[in-house]
Amino acid sequence: MSEALSSVLGTPAQVSFGRQNGEAETPARQQARAAAAQQSQARAALEAEPLVQGLMDALDARVIDGSAAPSP
């Protein structure tokens with residue numbers, strides 16, 4: 001691989017691979033973490049609304065997990 005890369009680049013190149021201990025941050029995990037953070041922020045914003053607070057107090061209501069969606 002180093003030879004092929006060197007010939008394409010026209011300069012010496014070195015390629016190395018290694019194993020990483022622990023769990024790597026994959027794109028899927030990054031997206032999942034970002035989506036969870038957005039969901040949490042949406043829920044907090046909804047619960048901070050005075051109308052929602054009034055309903056929660058008057059009717060002993062609660063926001064159902066996953067029912068608040070972040071704004072696009």
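Read-outs: derived from the displayed coordinates by stated rules, not from any lab. Fair warning: this is a prediction, and the values are worked out from it, not measured in the lab. Glycine also receives a Cβ, built like all others from the backbone with ideal geometry; neighbour counts cover every protein chain displayed.
Observations on the structure shown:
- Structure-based [θ]222 nm, the chain - -39500 (n - 2.57) summed over DSSP H runs of at least 4, per residue, nearest 500: -17500 deg cm²/dmol
- Amide H contacts under 5 Å for ALA13, placed H, 5+ residues apart: SER6
- LEU5-GLN39 FRET efficiency (beta carbon distance; Förster radius 35 Å; 0.05 resolution): 0.25
- Angstrom value of the Kirkwood radius, inverse mean 1/r, which spans all Cα pairs in the chain: 16.8 Å
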